[in-house]
1. For segment 43-95, take the convex hull of the Cα atoms, compute a quarter of its surface area, and give me that in nm², please.
2. Short version: ³J(HN,Hα) in whole Hz for each residue of segment 118-123, in order, from phi by Karplus 6.51 cos²θ - 1.76 cosθ + 1.60 (θ = phi - 60°), x for Gly and Pro, what are they?
3. Using +1 on the beta carbon of Lys and Arg, -1 on that of Asp and Glu, and nothing else charged, what's the dipole of the chain about the Cα centre, debye to 20?
4. Hey, in the GNM for the chain with a 10 angstrom Cα cutoff, which one of LEU57, LEU95, LEU73 fluctuates hardest?
5. Please work out how much length the chain gains when fully extended from GLN74 to TYR87, using 0.36 nm per residue of separation minus the C-alpha to C-alpha distance, in nm with one decimal.
6. Report the accessible area of ARG6, computed with a 1.4 Å probe over the heavy atoms of all protein chains in place, in Å² rounded to the nearest 10.
7. 5 Å is the cut-off here: which amide hydrogens, built 1.01 Å from N in the peptide plane, fall below it relative to ARG102, excluding neighbours closer than 5 in sequence?
8. Angle check, please: helix 3-49 long axis (alpha carbons) against the longest principal axis of the chain (alpha carbons), in degrees 0 to 90, nearest 10.
Amino acid sequence: MNPQLRRMALDLGPLLIFFGSFKYFGIFGATAAFMVAVLVALAIGFWLERRISPMPLFTAILVMIFGGLTIYLQNDTFIKMKPTVLYAFFGALLLAGLAFNRLFIKYIFAQAFELTETGWKKLTVRWALFFL
């Protein structure tokens with residue numbers, strides 16, 4: 001399978017499982033399924049690539065924390081907060097990297113895009129603002 005398609009399937013698979021489970025099992029069943037699917041996707045990604053990418057790992061940690069709180073406290077607010085916390089972190093990380101002249105987005109997409117330093121800075125600012 002094409003590595004880009006495989007990565008997309010591993011990234012989007014748990015989300016599709018969440019939405020599919022939500023229809024039949026409600027928010028708490030979907031959250032549990034999501035937690036399992038994220039861990040399975042992380043394990044498959046490690047098995048295939050022999051490394052764990054930082055973004056899926058951080059996402060998995062957030063899913064485990066907020067999903068665990070959702071199920072333990074029977075309060076769906078926590079799983080609903082996960083995207084906000086994740087995107088705020090990514091936006092702040094990109095802006096912090098820009099402030100210290102580290103273009104984190106360049107490390108992630110250097111193989112996919114060929115941009116000048118000015119282009120990478122513009123892309124960083126735009127993605128950071130999008131996330132925030």
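1. On the way: hull surface 16.7 nm².
Its average projected convex-hull area is 4.2 nm².
2. 4, x, 5, 5, 5, 4
3. 180 debye
4. Taking springs between Cα atoms under 10 Å, the residue moving most is LEU73.
5. 2.3 nm
6. 60 Å²
7. none
8. 40 degrees
The values are calculated or read from the model by the stated rules, or taken from the named source; none is laboratory data. On a predicted model such as this, the values are computed, not experimentally measured, just so you know. Neighbour counts are summed over all protein chains in view; Cβ atoms, including those assigned to glycine, are modelled from backbone coordinates with ideal geometry. The accessibility values were calculated without ligands, DNA or RNA, using every heavy atom of the protein model including side chains. Shrake-Rupley method; radii C 1.70, N 1.55, O 1.52, S 1.80 Å.
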